[in-house]
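To start, the structure under review is shown below, and the notes come after it.
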Amino acid sequence: MRAATVPAGGGLDKITLVEREPGAPGPGQVQVRWRATSLNFHDYLVAAGQIPVQDGRIPMSDGAGEITAVGEGVADWQIGDHVMSTFFPFWQGGAPTLHKLMGVAGETVDGFAIEASNVDANTLTGIPAGYSFAEAATLPCAALTAWRALVEEGGLQPGQSVLVEGSGGMSVFALQMAKAAGATVIATTSSDDKADRLRELGADHVVNYKTDERWGKTAGKLVRSGVDLVLDVGGGATIKQSTEAVAIGGSIILIGILGGRDGTITFPKYFFKQASMIGIAVGSHEMQRRMVRGIDVAGLKPVIDRRFPLEALGEAFAYQISGAHFGKIVVEY
């Protein structure tokens, strides 16, 4: 079976295809014929060498496929079941702890840029009804992050307002989920074409952050008293504007560092607004199962921008970092 590997120092042009034989699954394991993965910023950092990994690491935190063999003692899965991976294989449920976060798919343990592998049966969940493997592969990182931010941490209620930043995979999922929950959604973008697509997905307001330097204040005024829940993906580049946008008593969920690791917070503004701020990293196995049930009820479908074959994984990353995509980029094999 083919697998993509990255060297310890990274490099998109140094991703190598190798042959790996998974063998038979051990006790408590299943063998999965992986069919698709999707790109996340975390995966790019691994491939580019900005997150150090063991030489020959198999990247990619997302995977969806079909169970082809079942090891001794596995009762929850059968051959032919369609499954998807979890970002933190050791985090089954409850609050995060250091131990639960030690395993990160595609970073500290091998990921899913491989045609077949054996994994612990309890690290998988089912996929939404009617989903293709490509669609399911978009969920374990980006969609679960959006779900956790809105539902598990944000406690989103109908009639509240949400600010999503940009049009990457997580932000598009958050827009779709927030609208399904009955929220008013404000989205930001720098592209008129993307603005139109955001509106087509249900965005009530779209703000161009390139032409409006104080887009955070603008976003807050669009819902009069400020935004109830702000999903900040830009880190250093957006946190000041996120603080401008959030309502008194609202919440900022820190999700990404697309705009830099370091930023400045206007503390008096933050204090005055008495807002809460929490950082999150994806979610647990239990959260993913709840998300699948929510997707089944809402009938939500992911937005897939482009598809690449496994041998073009480096090209897929180059396309991702160009910022031209809208929604998710998928690799199929």
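No lab work stands behind these numbers, since they all come straight from the coordinates. As the structure is a computational prediction, the values presented were derived from the model and not from experiment. Cβ sites come from the backbone with ideal geometry, for glycine too, and all protein chains shown count toward neighbours.
Return the subset of LYS273/LYS301; LYS269/LYS328; LYS14/LYS328; LYS14/LYS179 for which the Cα-Cα distance in this structure is over 30 Å, preserving the input order. Those over the limit are LYS273/LYS301; LYS269/LYS328; LYS14/LYS179. Among all the lysines, which ones have a C-alpha under 17 Å from LYS210's C-alpha, if same-chain residues fewer than 8 places away are not counted? Excluding near neighbours in sequence, the set is LYS194, LYS240. Applying 1/(1 + (r/R0)^6) with r as the Cβ-Cβ distance of ARG20 and ALA298 and R0 = 35 angstrom yields a FRET efficiency of 0.40. For segment 146-187, the residues whose backbone nitrogen is under 16 Å from a point 7 Å from the Cα of ALA48, taken along Cα to Cβ, are 168-169.
Relative contact order for segment 28-89: what is it in percent, counting Cα pairs under 8 Å that are at least 6 residues apart?
Values: 92 pairs, mean separation 25.0, N = 62.
Relative CO of segment 28-89 lands at 40 percent.
Normalised by residue number, the volume inside the convex hull of the Cα atoms of the chain is 125 Å³ per residue. Need one number: % antiparallel among DSSP beta bridges in segment 83-221, to the nearest 5. Antiparallel bridges: around 15 percent, rounded to the nearest 5. Could you work out how far helix 313-322 tilts from the main Cα principal axis of the chain, as a 0 to 90 degree angle to the nearest 10? Helix 313-322 and the main axis of the chain meet at about 0 degrees.
Between helix 169-180 and the chain there is an angle of about 70 degrees, using the helix long axis and the longest principal axis of the Cα atoms. Charging the Cβ of each Asp and Glu at -1 and of each Lys and Arg at +1, and nothing else, the dipole of the chain about its Cα centre rounds to 1000 debye. Here the relative contact order of segment 284-333, from alpha carbon pairs under 8 Å that lie six or more residues apart, stands at 43 percent.
Can you give the FRET efficiency to the nearest 0.05 for ALA324 and ARG261, using r as the Cβ-Cβ distance and R₀ = 30 Å? Calculated value: 0.80. Net length available on complete extension from ARG2 to ALA237 is 80.7 nm, with 0.36 nm assigned per residue and the Cα-Cα distance removed.
What's the extension gain from ASP192 to ARG224 if we count 0.36 nm per residue and subtract their Cα-Cα distance?
Net length gain for the segment: 9.1 nm.
Projecting label points 7 angstrom from Cα along Cα→Cβ for PHE271 and ARG307 puts them 5.5 nm apart.
Take every Cα pair under 8 Å whose residues are at least 6 apart in sequence, average their separation, divide by the length of segment 143-279, and the relative contact order is 20 percent. On full extension, the segment bounded by ASN118 and ASP76 gains 13.6 nm, given 0.36 nm per residue less the C-alpha separation. Legend: translational diffusion of segment 143-279 by Stokes-Einstein, Rh = Kirkwood radius over C-alpha pairs, 37 °C, 0.692 mPa s; D = 230 µm²/s.
Debye-formula intensities of segment 229-333, expressed as log10 I(q)/I(0) at q = 0.10, 0.13, 0.16 Å⁻¹, are -0.44, -0.71, -0.95 (one equal scatterer per alpha-carbon, no solvent).
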